[in-house]
Amino acid sequence: MLAILLRRLATALPTLLAVILLSFVLMRTAPGSPFDSERPLDAATRAAMDRTYGLDQPLIVQLGRYLGNVLQGDFGPSLVYKDFTVSGLIAQGLPVSLTLGGLALILAAALGIAGGILGALRPGGWLDRWIGFKSAVAVALPSFVTGPLLVLVFGLWLSWLPVSGLDSAAAWILPVLALATPTAGAVAKLTRTGLAEAMVQDHVRTARARGLSPLTVLVRHALPPALIPVVSYLGPAAAGLLTGAVVIETVFGLPGLGRYFVQGALNRDYPLVLGVVILYAGLILLFNLIADLLYGLLDPRARG
């Protein structure tokens with residue numbers, strides 16, 4: 001287990017550094033300026049603003065200063081949201097995004113694993129075929145399609161649930177469901193496929209020959225190895241749910257990190273966009289590391 005952790009850290013840190021370097025260079029070399037959206041500025045004022053934020057320095061100097069600040073946990077001031085630091089904006093929006101992504105991940109895992117198990121109980125039966133069809137539809141519909149459909153049906157036509165803001169606990173239902181649906185479909189398919197392969201393995205046949213009940217054989221002996229591909233998928237999927245929440249937060253008007261990211265990108269707020277990108281990249285690497293550790297727990301052959 002320790003070897004897995006060390007190997008992942010040895011690749012994660014250079015990967016994160018590469019993401020920072022590439023994002024920084026792309027943002028700073030792209031045409032335009034964060035001050036272009038304001039009223040036209042005379043040359044002296046424009047030069048003064050560039051000097052204030054260090055944008056008049058050579059790119060390599062800006063990069064070195066930025067990396068030094070990031071190592072100290074300082075992402076700099078926002079160029080668009082006056083009197084706010086990037087760290088402060090992230091602190092405001094991140095709890096909403098993490099809550100949305102976490103609830104969606106829990107719901108997707110619960111629905112997907114339960115659906116895969118139910119389908120495996122009667123292979124080829126009507127329930128198995130129905131779950132397989134629903135899973136395929138769920139995977140095919142991205143969240144930016146599912147979200148507006150849920151708003152239209154449950155918010156506008158039926159008026160059962162709120163469609164924007166976070167004024168009540170019910171306001172979480174539609175965005176969480178929209179974000180979780182594609183992942184739940186994929187988890188159901190992976191669970192069902194993994195169980196189909198596990199049920200014909202020798203140790204499962206032995207458990208069945210000992211007279212154990214079908215449910216005990218399935219849950220205790222077949223399910224753990226069947227969940228290995230699910231765990232491998234859920235690592236990147238967890239990060240995808242967080243980054244995919246950008247669209248859902250926009251659709252449902254949630255005050256999450258996605259709002260700041262979109263506004264920062266549109267207004268060329270370099271520090272804000274870079275801060276969010278670094279955060280997302282770090283979370284992706286963290287979730288993949290957790291998935292590798294869980295993989296080692298489920299499959300002893302992966303340890304070492």
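Only DSSP H runs of four or more residues enter the estimate; each adds -39500 (n - 2.57), and after division by the residues of the chain the mean residue ellipticity at 222 nm equals -23500 deg cm²/dmol. Among 75-84, 93-102, sorting by the average number of other beta carbon atoms lying within 10 angstrom of each residue, highest first, gives 93-102, 75-84. Computed over the alpha carbons of segment 125-173, Rg followed by Dmax gives 14.1, 43 Å.
With the alpha-carbon atoms of segment 144-223 aligned to their principal axes, the span from lowest to highest coordinate is 55, 22, 19 Å, starting with the largest. Listed peptides 170-179, 185-194 appear in the order 185-194, 170-179 once ranked by packing, highest mean of other Cβ atoms within 10 Å at the front. For segment 102-144, the spread of Cα coordinates along the three principal axes comes to 31, 19, 7 Å, biggest extent given first. Mean projected area of the convex hull spanned by the Cα atoms of segment 93-256, taken over all viewing directions: 10.2 nm². The listed peptides 122-130, 17-25, 247-255, 280-288, ordered by packing as a protection proxy, come out as 247-255, 280-288, 17-25, 122-130 (highest mean of other Cβ atoms within 10 Å first). In a simple Cβ point-charge model (Lys, Arg +1; Asp, Glu -1; nothing else charged), the chain has a dipole of about 1120 debye relative to its Cα centre. The H on the amide N of T85, modeled in the peptide plane, is under 5 Å from the matching H of S78, each at least 5 residues off or on a different chain.
Shape annotation for the chain: C-alpha extents along the principal axes are 85, 55, 29 Å, from largest to smallest. Counting charges near G211 (Lys, Arg +1; Asp, Glu -1) among other residues having Cβ under 15 Å from its Cβ returns a value of +4.
We did not get these values from a lab; they are worked out from the coordinates using the rules stated. This is a predicted model, so every value here is computed, not measured. For neighbour counting, all protein chains shown are included, and Cβ atoms are generated from backbone atoms with ideal geometry for every residue, glycine included.
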